[in-house]
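Okay, so here's the structure we're looking at.
The values are calculated or read from the model by the stated rules, or taken from the named source; none is laboratory data. As the structure is a computational prediction, the values presented were derived from the model and not from experiment. Positions of Cβ are backbone-derived with ideal geometry, glycine not excepted, and every protein chain shown enters the neighbour counts.
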């Protein structure tokens, strides 16, 4: 099984995205130095019963961006799991491109705190998320 750095490199190259990314349509645009950008084109397939993009799609997009941002800072053999994720929905979206920009705010020895903004292609802020991630692996 390839290591996490190789998986990110492959996904960035458009090769072998994670299954959830493939399912939802997430694309890794950039990743490095504790930051990442992930995009998705949303349409009717992503709607809730009200006719807007389901909140879970926003959460999956933000979670992917935040996890990818942290993954860029891991040492060989380290991994992580999300312990909490909070998201604030600021505006409804029906269709178009969403872009999640995530930054690791603090990476400690055992945990990391990451923040993420989700914007439309026009640059309107539609959601803001933050997450705490537990680091695991040989060095932790």
All but one of (1) under 15 Å from the mean Cα position of the chain (by Cα); (2) surrounded by fewer than 16 Cβ atoms within 10 Å (Cβ to Cβ); (3) outside any strand (DSSP E or B) hold for residue 76, so report the exception by its number.
(1)
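Kindly indicate whether residue 54 is surrounded by fewer than 17 Cβ atoms within 10 Å (Cβ to Cβ) and modelled with pLDDT of 95 or more.
yes
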Residues satisfying the stated conditions in the stretch 8-47, i.e. part of a helix (DSSP H, G or I) and surrounded by fewer than 17 Cβ atoms within 10 Å (Cβ to Cβ):
9, 10, 19, 20, 22, 23, 44, 45
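Select from the stretch 110-140 the residues that are part of a loop (DSSP other than H, G, I, E, B) and at pLDDT below 95 and list them in ascending order.
Listed by number, the residues that qualify are 137, 138, 139, 140.
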Please go through the stretch 91-109 and give me each residue that is more than 18 Å from residue 26 (Cα to Cα), touching a residue at least 40 places away in the same chain (Cβ under 8 Å) and not in a strand (DSSP E or B), ordered by number.
92
